[in-house]
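A quick write-up on the structure given underneath.
Quick note: the coordinates plus some simple rules give every number you see, no bench work behind them. Quick caveat: nothing in here was measured; it's all calculated off a predicted structure. When we count neighbours, we look across all protein chains shown, and the Cβ atoms used for this are built from the backbone with ideal geometry, even at glycine.
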Amino acid sequence: MERIRTEHEEQREFVSWFRKSFPGTRIFAIPNGGARTITTATRLKSEGVCRGVPDLFIPAWGLWVEMKREKGGVLSQDQKDWIGYLEANQYHCLVAKGCDDAKQQIGEFILEHLDMECERTHN
């Protein structure tokens, strides 16, 4: 039986691919997940870490990416609320089921949104 990769593994592979594919475009992670001590969780919360914020942000594109496992990953209510809030504030959000899905959605995003931006600036 094939092992299902963790969300961490999927995200790590996606970020590596993204940085190689788009070297001039910055992407960074939001440290919301993972096991922590109560002390660390309290400190991070006081610094502004919020439950449910998407995993990755691409500032130049106004794009947030929430990574999930290829199989079994489900959005929490906090994640749904954040995605709704971000979209209502003119950001784009993708929910990807694994690295391959994220790559495909990035390609579609570029065709749909970034090509339109290029057309507007060149016309």
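For L44, the shell of other residues with beta-carbons less than 12 Å away shows a net charge of +3, using +1 for Lys and Arg and -1 for Asp and Glu. Taking every alpha-carbon pair within segment 7-122, the share separated by more than 22 Å comes to 36 percent.
Tilt of helix 7-21 relative to the longest C-alpha principal axis of the chain, in degrees (0 to 90, nearest 10)? For 7-21 against the chain, the angle is about 30 degrees. GNM, the chain, Cα, under 10 Å: largest mean-square fluctuation among K68, K97, K20? Most flexible of the set in this elastic network: K20. To the nearest ten degrees, helix 99-109 and the longest principal axis of the Cα atoms of the chain are 40 degrees apart. Each peptide in 59-65, 1-7 receives the mean, over its residues, of other Cβ atoms within 10 Å, and ordering these scores from highest gives 59-65, 1-7.
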